[in-house]
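Participant: Questions regarding the structure given below will be posed in turn.
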Amino acid sequence: MQTTIKRLGILTGGGDCPGLNAVIRAVTKTAIYRYGIEVVGIVDGFGGMIENRSHFLEDCHVSGILHRGGTILGTTNRDNPFRYAVGIENGKTKWGDVSDRAICNLEKMGIDALVVVGGDGSLNIAHELYAKGVPVVGIPKTIDNDLSATDLTFGFDTALNTATDAIDKLHTTAESHHRVMLLEVMGRNAGWIALHSGTAGGGDVILIPEIPFSYEAICQKISDRRKMGKKFSIIVVAEGASLPDGELIYQKEVPDNPHHSKLGGVADVIGNTVSEHCGVETRVTVLGHLQRGGTPTPFDRILGTRFGVKAVELAMEGTFDQMACLCNGEVQSVPLHDAVSEQKLVKADSELVRAAKSVGISFGE
């Protein structure tokens, strides 16, 4: 179905990641040069939509941004138009639905169709906006690579490179001081970064949310290595890995909005316990937001570009409520509902997990 679009809007929601600027550039250039339409960038994700903050994007605004991390539009993971902080009542945050206001602002901006770049949270909002009449197309973005409807999300490859480089560096100091080094990487519910970087970096133990572990198994692995003359070990831990009793470790808990609770610190707990049980010296490194930053890899630049082009094509065809996706090497599209219906988690019997175990990596089982 062909549609008449004269002005396309784009926003980046959720956490930042390498490759966002490649998407913005691709959407802008494709819209201008291939279709001859205007592009409006909405500032700071859905917050800009709620507060009516935007500006036009011309070629000059996206020139030279392909290699830059982050997003020139800004982003936030707190401003959900369907659950927005509208005040304080009895000492607690009062939430309200301001989606009508946000949609009205889109009309004020003269936007005929909207491209939303984000993870499962942002894309779920996009799907809800479509249900209220907004012509919307989604682009998957998350370093966690946990969207089930696409083989890969841009940002993951760069984060993987950052984590692998950190493991490479930790190897030298771990071996020199005969220590057990723990690296905590991102991964709230899915352990893709830990699994891939731990395998690529030669980790000895990988702990992820999908596979329960025990301290006895970790200590046994360390002991076995020492018997072979290997006086150091590397443990890669996803931030969402739960302790043997099922407890998750948070930097900050937000009871009335769990999605905004900040995981972190599990590697410290594991490191201290392993040190006590095994009688070894441990050190912990937390990569944190280093994984979100930096120059995107060529792979992420290319994938972001391909997704951006596809999103504009879908909009111009009038094919809405869809997300661009990578399937068997080809960029295709999938309904947004399918894209956010479930997370892509690591399967305990997957080929990569089996391969890691075959070369001696322990998952603490």
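Participant: Any idea what angle helix 298-317 forms with the longest principal axis of the chain, computed on alpha-carbon atoms, 0 to 90 degrees, nearest 10?
Facilitator: Result, in degrees: 30.
Participant: Also, I was wondering about something else. Can you compute the charge dipole magnitude of the chain about its Cα centre, using +1 on each Lys and Arg Cβ and -1 on each Asp and Glu Cβ, nothing else charged? Give it in debye, rounded to the nearest 20. Mind showing how you got there, number by number?
Facilitator: Details: 35 positive and 44 negative charges, 150 e Å.
With Lys and Arg at +1 and Asp and Glu at -1, about 720 debye.
Participant: Calculate the all-directions average of the projected area of segment 158-293's alpha-carbon convex hull, and give it in nm². Walk me through the numbers before you get to the answer.
Facilitator: On the way: hull surface 31.6 nm².
It is 7.9 nm².
Participant: Take every DSSP beta bridge whose two residues both sit in the chain, then give the antiparallel share in percent to the nearest 5. Each step should come with its number before you reach the end.
Facilitator: Details: 18 of 50 bridges.
Looking only at bridges with both residues in the chain, the antiparallel portion is about 35 percent.
Participant: Over the chain, what relative contact order in percent results from Cα pairs under 8 Å that are six or more residues apart?
Facilitator: On the way: 830 pairs, mean separation 82.1, N = 365.
Taking the mean separation of contacting Cα pairs over the length of the chain, I get 23 percent.
Participant: Right, next: Less than 28 Å apart at the alpha-carbon level, and either on another chain or at least 8 residues along: which lysines does that give for LYS344?
Facilitator: LYS132, LYS141, LYS252, LYS262, LYS310, LYS357
Participant: Let me ask another. Taking θ = phi - 60°, what integer Hz values does the Karplus form 6.51 cos²θ - 1.76 cosθ + 1.60 yield along segment 228-238, in sequence order, with x for Gly and Pro?
Facilitator: Using θ = phi - 60°, the values come out as 8, x, 9, 8, 9, 8, 10, 10, 9, 10, 6 Hz.
Participant: Can I ask one more? Just the ratio, please: alpha-carbon radius of gyration of the chain over 2.2 N^0.38 Å, N its number of residues. Show your work: numbers first, answer last.
Facilitator: Details: Rg = 22.1 Å, N = 365, 2.2 N^0.38 = 20.7 Å.
Working it through for the chain, the quotient is 1.07.
Participant: Under 5 Å between amide H atoms, partner at least 5 residues away or on a different chain: which partners does SER362 have, H built in plane at 1.01 Å?
Facilitator: VAL205, ILE206
Participant: Quick check for me: using +1 on Lys/Arg Cβ and -1 on Asp/Glu Cβ, what's the dipole size of segment 1-107 about its Cα centre, in debye to the nearest 20? Could you put the intermediate results ahead of the total?
Facilitator: Details: 12 positive and 11 negative charges, 38 e Å.
For segment 1-107, the charge dipole is close to 180 debye.
Participant: Put +1 on the Cβ of each Lys and Arg and -1 on the Cβ of each Asp and Glu in segment 85-192; which of GLY155, VAL134, MET186 then has its Cα farthest toward the positive end of the dipole?
Facilitator: It is VAL134.
Participant: Using Cα pairs under 8 angstrom and six or more residues apart, how large is the relative contact order of segment 158-293, in percent? Show your work: numbers first, answer last.
Facilitator: Values: 263 pairs, mean separation 43.7, N = 136.
Once normalised by length, the contact order is 32 percent.
Participant: Here is a further query. Only bridges whose two residues both fall in segment 105-262 count here: according to DSSP, what percent of them are antiparallel, nearest 5? All intermediate terms of the calculation are to be shown ahead of the outcome.
Facilitator: On the way: 1 of 16 bridges.
If we restrict to bridges inside segment 105-262, about 5 percent are antiparallel.
Participant: Given the rule -39500 (n - 2.57) for each run of at least 4 DSSP H residues, summed and divided by the residues of the chain, what is its mean residue ellipticity at 222 nm, to the nearest 500 deg cm²/dmol?
Facilitator: Working: 12 runs with 133 residues, N = 365.
Estimated from H runs of four or more residues: -11000 deg cm²/dmol.
Participant: If you find the alpha carbon centre of segment 200-239 and of segment 306-325, how far apart are they in angstrom?
Facilitator: Computed from Cα coordinates, the inter-centre distance equals 43 Å.
Participant: Could you go through segment 147-164 in sequence order and give the Karplus-derived ³J(HN,Hα) for each residue, using 6.51 cos²θ - 1.76 cosθ + 1.60 with θ = phi - 60°, rounded to whole Hz, and x for Gly and Pro?
Facilitator: For segment 147-164, the Karplus-derived couplings read 8, 6, 8, 9, 4, 9, 10, 5, x, 5, 4, 5, 4, 4, 5, 4, 5, 5 Hz, x marking Gly and Pro.
Participant: Follow-up. Could you give the distance between the Cα centres of segment 326-365 and segment 143-163, to the whole Å?
Facilitator: Rounded to whole Å, the Cα centres lie 11 Å apart.
Read-outs throughout are calculated quantities, based only on the coordinates presented, and are distinct from any laboratory measurement. The shown structure was predicted, so the numbers you read here are calculated from the model rather than taken from an experiment. Reconstructed Cβ throughout: ideal geometry from the backbone, glycine too, with neighbour counts over all protein chains shown.
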